[in-house]
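This report refers to the structure that appears directly beneath it.
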């Protein structure tokens, strides 16, 4: 259908990367890494060069998120999915409750359900719908997801607990540009390959004093199985020393720090505003076209980090996205693979500019309408 598709030069984005997997990494950031020469890559993560880099990240995130004094910024290897097991084995006493609205929140629940000595319950809605988390008794960790990367659902509200219950939030694809009340969250964590334009394999978490007390108490329980690689005690101790337990990817740390500095330069309010403007453009575009529809019907749950747009079934989206990639014009706007929808999934992460999104929507409209 799109074999002879050509795109006018004026509609070609300056950067073709719109994927919601890893974010685009600005070429300027790559150039800045190259300028470090032999002073950073290939040096020990136990020495001042890398430790100062980690310290700068921790201080920059504390500033950007305006973290309370009792919040500790911890870093470690494995990525956010690694934390699903780490939370289950080392933070949950007896039972966790999960708000499930997509593939990743579902995987978090399954990870805990696989641990034989804890009970994992859930409230689940159809993919594309959101949940307003409620106070659930009888569970000592409440698990919620800020932005469901697979569906473009965001859930910013969190319940408040004055007892020993902890609230944990997976903020992987929303941290940095989707606001939520961090005071209500005992463990807020993310991987830096989304809004922060870094690479995978690293986790970043903000942990409260209440959560620290819990994980250290479990750590001291000699009857409890605790994998060494998932030791909260080691993660906390190493983060206090501005390092990670295992050897990290130094380039990942560098890219993260470059983004933290840039986001701090703008300020969180401005970053959030820019995200809102980009989201408004995408959803208004979807509403203006008879062959498009926002996948998330309830506006209050529509993400400002990941936009999912349904496309009329007579338009083969997979064929179109394949052609755009062949032309090296647009990369990775396919629907999440397990969702099985005829839709676009488009990144609104910070370094994806509104100007390029405007070009993207124009060229997609041109491609589709010229073949209807």
Worksheet entry | The lone exception for residue 111 - which of (1) part of a loop (DSSP other than H, G, I, E, B); (2) out of contact with any strand residue (DSSP E or B) (no Cβ under 8 Å at 6 or more places or on another chain); (3) more than 21 Å from residue 345 (Cβ to Cβ) it fails | (1)
Worksheet item: Residues in the stretch 265-283: is at least one modelled with pLDDT of 95 or more, in the same structural domain as residue 363 (by TED's automatic domain parsing), assigned to a helix (DSSP H, G or I) and touching a strand residue (DSSP E or B) at 6+ places or on another chain (Cβ under 6 Å)?
Response: yes
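One line per residue, one yes/no per condition, for (1) within 30 Å of residue 230 (Cβ to Cβ); (2) more than 19 Å from the chain's Cα centre (by Cα); (3) in contact (Cβ under 8 Å) with a residue 60 or more places away in the chain:
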{"site": "247", "(1), (2), (3)": "yes, yes, yes"}
{"site": "251", "(1), (2), (3)": "yes, no, yes"}
{"site": "298", "(1), (2), (3)": "no, yes, yes"}
{"site": "306", "(1), (2), (3)": "yes, no, yes"}
{"site": "314", "(1), (2), (3)": "no, yes, no"}
{"site": "318", "(1), (2), (3)": "no, yes, no"}
{"site": "332", "(1), (2), (3)": "no, no, yes"}
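This table checks each residue for (1) under 30 Å from residue 262 (Cα atoms); (2) in a helix (DSSP H, G or I); (3) more than 16 Å from the chain's Cα centre (by Cα); (4) in contact (Cβ under 8 Å) with a residue 24 or more places away in the chain.
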site: 13; (1), (2), (3), (4): yes, no, yes, yes
site: 29; (1), (2), (3), (4): yes, yes, yes, yes
site: 38; (1), (2), (3), (4): yes, no, yes, no
site: 55; (1), (2), (3), (4): yes, yes, yes, yes
site: 58; (1), (2), (3), (4): yes, yes, yes, yes
Practice prompt. Could you please find all residues in the stretch 324-339 being assigned to a loop (DSSP other than H, G, I, E, B) and either out of contact with any helix residue (DSSP H, G or I) (no Cβ under 6 Å at 6 or more places or on another chain) or buried (at least 19 other Cβ atoms within 10 Å of the Cβ) (or both)?
Written response: 327, 328, 329, 330, 332, 333, 335, 336, 337, 339
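Go through 94, 4, 35, 110 for me and flag whichever is at pLDDT below 95 and either over 16 Å from residue 239 (Cα atoms) or surrounded by 17 or more Cβ atoms within 10 Å (Cβ to Cβ) (or both). Break it down into steps so the answer makes sense when it comes.
Working: 94 fails: at pLDDT below 95; 35 fails: at pLDDT below 95; 110 fails: at pLDDT below 95.
Going through 94, 4, 35, 110 in turn, the sole match is 4.
Hey, among 211, 197, 235, 168, which residue is outside the structural domain of residue 346 (by TED's automatic domain parsing), in contact (Cβ under 8 Å) with a residue 12 or more places away in the chain and on the phi > 0 side of the Ramachandran plot?
Details: 211 fails: on the phi > 0 side of the Ramachandran plot; 235 fails: on the phi > 0 side of the Ramachandran plot; 168 fails: on the phi > 0 side of the Ramachandran plot.
Just a single option satisfies the conditions, and that option is 197.
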Worksheet item: In this structure, does residue 250 turn out to be buried (at least 16 other Cβ atoms within 10 Å of the Cβ), under 26 Å from residue 144 (Cβ atoms) and in contact with a helix residue (DSSP H, G or I) (Cβ under 9 Å, 6 or more places away or on another chain)?
Response: no
Practice prompt. Please state which of the following conditions residue 194 fails to meet, knowing it meets all the rest: (1) in a loop (DSSP other than H, G, I, E, B); (2) more than 10 Å from the chain's Cα centre (by Cα).
Written response: (2)
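Looking at 238, 264, 242, which one is surrounded by 17 or more Cβ atoms within 10 Å (Cβ to Cβ), in contact with a helix residue (DSSP H, G or I) (Cβ under 6 Å, 6 or more places away or on another chain) and within 30 Å of residue 39 (Cβ to Cβ)? Before the answer, list the steps.
Details: 238 fails: in contact with a helix residue (DSSP H, G or I) (Cβ under 6 Å, 6 or more places away or on another chain); 264 fails: surrounded by 17 or more Cβ atoms within 10 Å (Cβ to Cβ).
Just one listed residue meets the conditions, 242.
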Worksheet, complete the sentence: Of the listed residues (308, 304, 321), the one being touching a strand residue (DSSP E or B) at 6+ places or on another chain (Cβ under 9 Å), within 21 Å of residue 128 (Cβ to Cβ) and in a strand (DSSP E or B) is 308
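The rows are residues; the columns are (1) more than 18 Å from residue 301 (Cβ to Cβ); (2) touching a helix residue (DSSP H, G or I) at 6+ places or on another chain (Cβ under 6 Å).
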{"position": "96", "(1), (2)": "yes, yes"}
{"position": "106", "(1), (2)": "no, no"}
{"position": "111", "(1), (2)": "yes, yes"}
{"position": "139", "(1), (2)": "yes, no"}
{"position": "169", "(1), (2)": "no, no"}
{"position": "184", "(1), (2)": "yes, no"}
{"position": "205", "(1), (2)": "yes, no"}
Discussion item. Out of 261, 289, I need the residue that is in the same structural domain as residue 171 (by TED's automatic domain parsing), out of contact with any strand residue (DSSP E or B) (no Cβ under 8 Å at 6 or more places or on another chain) and over 21 Å from residue 21 (Cβ atoms). Which one?
Written reply: 261
Discussion item. Looking at 144, 132, 156, 151 in this structure, which one is crowded, with 23+ Cβ neighbours inside 10 Å and part of a loop (DSSP other than H, G, I, E, B)?
Written reply: 151
Item to complete: Using the structure shown, decide if residue 121 is out of contact with any helix residue (DSSP H, G or I) (no Cβ under 9 Å at 6 or more places or on another chain) and at pLDDT 95 or above.
Response: no
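The values are calculated or read from the model by the stated rules, or taken from the named source; none is laboratory data. Computed from a predicted structure; not experimentally measured. Don't worry about glycine lacking a Cβ; one is built from the backbone with ideal geometry, like all the others, and counts go over all protein chains shown.
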